[in-house]
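First up is the structure itself, then whatever we jot down about it.
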Amino acid sequence: MLNTKEQMPTTRVSPINSSKLHQLWTVIDETHTNILLGFSDTELIQQLLRQLESRGLISHEEVSTISSYLGSRVPLIRDLARARIAM
């Protein structure tokens, strides 16, 4: 019997520690709802990265990892922003 499993390419992603995640979500929570809902995905990610960098919460080396994380969480970020409006 032949084993036809294909190897998935692996990419190395730096983990984000819990402190960084907490800081990141604090910035998201403090960001105005109109920004979270009104910007395109790319603009939103860039805005959040600028806020994190300006507060000294992430280094230049972390930008790519945080950007990828944010990109994967945009639907959640927008859902949370819409929930603010409903309150």
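The values are calculated or read from the model by the stated rules, or taken from the named source; none is laboratory data. Everything numeric in this text was worked out from a predicted model, so none of it was measured. A quick note on method: Cβ atoms are made from the backbone with ideal geometry, for glycine too, and the neighbour counts reach across all protein chains shown.
Worth pointing out:
- E61 vs. criteria over 16 Å from Q23 (Cα atoms) and at pLDDT below 95: yes
- Helices (runs of 4 or more DSSP H) contained in region 8-87 and holding at least 1 residues surrounded by 14 or more Cβ atoms within 10 Å (Cβ to Cβ) and of a type in the set (G, A, S): 63-86
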